[in-house]
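The values are calculated or read from the model by the stated rules, or taken from the named source; none is laboratory data. The structure displayed is predicted, hence computed values, not measured ones. Every residue, glycine as well, gets a Cβ built from its backbone with ideal geometry; the counts of neighbours run over all protein chains shown.
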Amino acid sequence: MSATAQPDVMNFLNEVSSRFPAAISLAAGRPTEQFFDRLHPGALLDALTRYEQHALRSADAAAVRTRLLQYGRTAGMIEEQIAAQLRIDQDVPAQADRLLVTAGCQEALALCLPALCPDPTDVLLVCNPTYIGATGVAAGNRIALHGLPEGDVAQAVEQSVAQLQREGRHARALYLIPDFDNPTGRVLDEAQRRAILAVCARHRIVVLEDNAYGLFRYDGAAVPPMAALDEAGSVIYLSTFSKTLSPAFRVGAAVLPDTLFGDRAARHALWENLVQRKSYVTVNTSPLTQAIVGGLLLAEGGSLRNWIQPMAGWYRTNRDTMLDALQSTFAQLSDAIGWNRPAGGFFLSMDLPFEFDAQAVTDCATRYGVIVMPMSFFALDASQNRRIRLAFSAMTPPQIRAGVAALGGYVAQRLEQCSKSEMHAFAEAR
Ligand SMILES: Cc1ncc(COP(=O)(O)O)c(C=O)c1O
C-alpha cells in the first residue's frame, strides 16, 4: 500500500470552522483551555525567574542573561531537565547528551524523517491511518511512505520489508504512536511492542516512537514505552510539552538510543546530523520558552505527574461523557455503528456504514452544527472512508453531548439513504 496525495486537511478544517463558527468541533485535537489560567503571565514570569535563579547557581548574571537572550546552543538548554523528566515520568532511559530539544514534536519529525530516509529508495513505514504531521513531513521531503494495514504491526512490518526488498527499496524507519494513537486511540500492548522491536532490530529499522499523549491514561496499567523496552538501540523517542503544559511553548524533544543498533559512533553521527539540520531550520529552540518550561519543571520537582492530574481528570470525564452520549444516541444502531473505548489520549474512532468525506463534513456542519474529522484524512488509501475520528479533549461535557446528539441527527438522515445491502455488508464486515 503506497501513499496517495492527502488533502490539505488543516486548511480545510480551518476553513470549515471559520464558515460555521457556531458549530461544535469534535474535530480539533487540541488540549483543553480549562487549565491555561495556571499559566497566566505572572506564573510564566515566576517560572522564568525560577529558572534564572537556578542558572545563577552555576553562572554569573551576565552569562545567564546571555543564555536567555542570545542565540543559543542548537541542541538545547534544558536537556538535563527534560531527560530527567522522561526518566521519572515515562521510564524512558533518556540522557542529556543524546537528547535534542526541538520546537515541539513536529520539528523533531521534520528533522528525523529526512535524516533517516535520505535516499530515493528509502521508505518510511507508517500505520494506516496515522498522524498527518508525520506523513506531511514525508511528503514535503519526498520521502516514500508505505502504509501498514491495521492489525498485527510486527507481521505487517515483516511483510512490507520483503515486498519493498523485491522492489529494490528499503524500509529505514517506522513511525508509530503506541499510546493513545492519533487518530485511532488504540494502544499497543507490551507483547506487540516487543514483537515490533524484534522485527525492526532484525531489519535495522529505526522506530520513531511518538508519545505525545502518553501521560494521559485514564484507566488500566501503563504499558512501558518502546524506548524502555529497546535493547537493540532502535528507538528514537519523541516527546512534547504541548499537551502537558501548552503548545505555545513549542518545546519538545527527540531522544536517541545509547547506541544505534549497537554502534555508539553511528548514534553520535545521527545526533550530529540532527543538530546540524536543526541549525538550518530553527537555529535553536527559543531559550525563553525553554527557560519557562525549565522553571515549571523545577517547581514541580522534575515530574509533570501532579501537574497533569486535573487535566487527566478533565479528559477522563470528557471521554466518559462522549462514550455515554454515543451509547445513548446510537444504542439502537449498534449493528450499524461502532466505536472504540480509548484508555487514554484525546480521540476515539467510529465506524459508519456509509462513506464520510469532505462533503459530509460540510453537510454535517451546515445542517447539524457539528464538525467531525473523516478518518480518510489520515489514510493512505480508501480503507478508512467509512470511519471518523472524534476528539473529546477541547470541548466541555455539554458541548460533547450536544455534538454527539447532532452527529446522531446527521447519521440518522444518512442511514435513511443507505441501502439494505450496504447495511448488511457493514454488519458482516464488523
Ligand atoms: C501524535 C502527535 N505528534 C505530534 C504532534 C505535534 O505536537 P507538537 O505541538 O509538539 O509539535 C501532535 C499534535 O497534535 C500529535 O497528535
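Just to be sure I understand the filter: pairs with C-beta atoms under 6 Å, separated by 6 or more residues or on different chains, first member in region 263-290 and loosely packed, with under 15 Cβ neighbours inside 10 Å, second member of a type in the set (A, V, I, L, M, F, W, C). Which pairs pass?
From region 263-290, the pairs are ALA266/LEU260.
With respect to PRO225, is the statement that it is more than 21 Å from TYR131 (Cβ to Cβ), surrounded by 19 or more Cβ atoms within 10 Å (Cβ to Cβ), touching a Gly at 6+ places or on another chain (Cβ under 7 Å) and not aromatic (Phe, Trp, Tyr) true? It would help to see each step written out before you state the result.
On the way: more than 21 Å from TYR131 (Cβ to Cβ): no; surrounded by 19 or more Cβ atoms within 10 Å (Cβ to Cβ): yes; touching a Gly at 6+ places or on another chain (Cβ under 7 Å): yes; not aromatic (Phe, Trp, Tyr): yes.
Here the answer is no, as PRO225 does not meet what is asked.
Kindly indicate which of LEU56, LEU48 is in contact (Cβ under 8 Å) with a residue 12 or more places away in the chain and either acidic (Asp, Glu) or assigned by TED's automatic domain parsing to the domain that holds SER239 (or both).
Values: LEU56 fails: in contact (Cβ under 8 Å) with a residue 12 or more places away in the chain.
Just a single option satisfies the conditions, and that option is LEU48.
Of GLY302, GLY252, which residue is under 27 Å from THR32 (Cβ atoms) and within 16 Å of the ligand (Cβ to nearest atom)? Explain how you work it out, then say what you get.
Numbers: GLY302 fails: within 16 Å of the ligand (Cβ to nearest atom).
Selected residue: GLY252, the only one of GLY302, GLY252 that is under 27 Å from THR32 (Cβ atoms) and within 16 Å of the ligand (Cβ to nearest atom).
Does region 317-332 hold any residues that are surrounded by fewer than 16 Cβ atoms within 10 Å (Cβ to Cβ) and of a type outside the set (Asp, Glu), and which are they?
Across region 317-332, the qualifying residues are THR317, GLN327, SER328, ALA331, GLN332.
Tell me, please, whether a residue that is in contact with a Lys or Arg (Cβ under 7 Å, 6 or more places away or on another chain) and surrounded by 18 or more Cβ atoms within 10 Å (Cβ to Cβ) can be found in region 299-309.
The initial filter retains those residues of region 299-309 that are in contact with a Lys or Arg (Cβ under 7 Å, 6 or more places away or on another chain), namely 299.
If we keep only those that are surrounded by 18 or more Cβ atoms within 10 Å (Cβ to Cβ) too, we end up with none.
Scanning region 299-309, I find no residue that is in contact with a Lys or Arg (Cβ under 7 Å, 6 or more places away or on another chain) and surrounded by 18 or more Cβ atoms within 10 Å (Cβ to Cβ), so the answer is no.
Can you report the number of residues in region 199-230 which are part of a loop (DSSP other than H, G, I, E, B), in contact (Cβ under 8 Å) with a residue 24 or more places away in the chain and more than 11 Å from the ligand (Cβ to nearest atom)?
Step one: of region 199-230, the residues part of a loop (DSSP other than H, G, I, E, B) are 203-205, 211-216, 218-225, 230.
Those left that are additionally in contact (Cβ under 8 Å) with a residue 24 or more places away in the chain: 203-205, 211-216, 218-220, 223-225, 230.
After this cut, where a residue has to be more than 11 Å from the ligand (Cβ to nearest atom) as well, the list is 203-205, 215-216, 218-220, 223-225, 230.
Going through region 199-230 one residue at a time, the tally reaches 12.
Restricting the search to region 255-289, which residues are part of a helix (DSSP H, G or I), within 14 Å of the ligand (Cβ to nearest atom) and closer than 30 Å to GLN34 by Cα?
THR289
For every residue, the table says whether it meets (1) of a type outside the set (Val, Ile, Thr); (2) buried (at least 18 other Cβ atoms within 10 Å of the Cβ); (3) in contact with a Gly (Cβ under 7 Å, 6 or more places away or on another chain); (4) assigned by TED's automatic domain parsing to the domain that holds PHE241.
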{"residue": "ALA23", "(1), (2), (3), (4)": "yes, yes, yes, no"}
{"residue": "ARG67", "(1), (2), (3), (4)": "yes, yes, no, yes"}
{"residue": "GLY72", "(1), (2), (3), (4)": "yes, yes, no, yes"}
{"residue": "GLY76", "(1), (2), (3), (4)": "yes, yes, no, yes"}
{"residue": "ILE82", "(1), (2), (3), (4)": "no, yes, no, yes"}
{"residue": "LEU109", "(1), (2), (3), (4)": "yes, yes, yes, yes"}
{"residue": "PRO118", "(1), (2), (3), (4)": "yes, no, no, yes"}
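Within region 328-356, take every residue that is acidic (Asp, Glu) and in a loop (DSSP other than H, G, I, E, B) and give me the one that is nearest to the chain's Cα centre (by Cα). I'd like the intermediate steps shown before the answer.
Filtering region 328-356 down to residues acidic (Asp, Glu) leaves 335, 351, 355.
Restricting the remaining residues to those that are in a loop (DSSP other than H, G, I, E, B) gives 335, 355.
Details: ASP335: 31, GLU355: 25 Å.
Per the stated criteria, the residue is GLU355.
Could you please find all residues in region 231-243 being in a loop (DSSP other than H, G, I, E, B) and near the ligand (Cβ under 10 Å from one of its atoms)?
In the first step, residues of region 231-243 are kept if they are in a loop (DSSP other than H, G, I, E, B); the result is 231-234, 241-243.
Selection gives PHE241, SER242, LYS243.
Which condition does VAL293 not pass, out of (1) within 13 Å of the ligand (Cβ to nearest atom); (2) outside any helix (DSSP H, G or I); (3) buried (at least 20 other Cβ atoms within 10 Å of the Cβ), if it passes all the others?
(2)
Need the failing condition index for LEU124 against (1) buried (at least 17 other Cβ atoms within 10 Å of the Cβ); (2) touching a Pro at 6+ places or on another chain (Cβ under 7 Å); (3) under 24 Å from GLY233 (Cβ atoms), just the number.
Condition (2) is where LEU124 drops out.
Do the conditions hold for THR362, that is, is it buried (at least 18 other Cβ atoms within 10 Å of the Cβ), in contact with a helix residue (DSSP H, G or I) (Cβ under 8 Å, 6 or more places away or on another chain) and farther than 17 Å from PRO183 by Cβ?
On the way: buried (at least 18 other Cβ atoms within 10 Å of the Cβ): no; in contact with a helix residue (DSSP H, G or I) (Cβ under 8 Å, 6 or more places away or on another chain): yes; farther than 17 Å from PRO183 by Cβ: yes.
When the stated conditions are applied, THR362 does not pass them.
Residues that are without any contact (Cβ under 8 Å) to a residue 60 or more places away in the chain: find the strands (runs of 3 or more DSSP E) completely inside region 95-179 holding 3 or more of those.
Details: elements: 99-102, 122-127, 144-148, 170-176.
Once the strands (runs of 3 or more DSSP E) in region 95-179 are filtered for at least 3 residues that are without any contact (Cβ under 8 Å) to a residue 60 or more places away in the chain, what remains is 122-127, 170-176.
If you go through region 333-354 one residue at a time, how many are in contact with a strand residue (DSSP E or B) (Cβ under 9 Å, 6 or more places away or on another chain) and either hydroxyl-bearing (Ser, Thr, Tyr) or surrounded by fewer than 16 Cβ atoms within 10 Å (Cβ to Cβ) (or both)?
Counting residues in region 333-354 that are in contact with a strand residue (DSSP E or B) (Cβ under 9 Å, 6 or more places away or on another chain) and either hydroxyl-bearing (Ser, Thr, Tyr) or surrounded by fewer than 16 Cβ atoms within 10 Å (Cβ to Cβ) (or both) gives 3.
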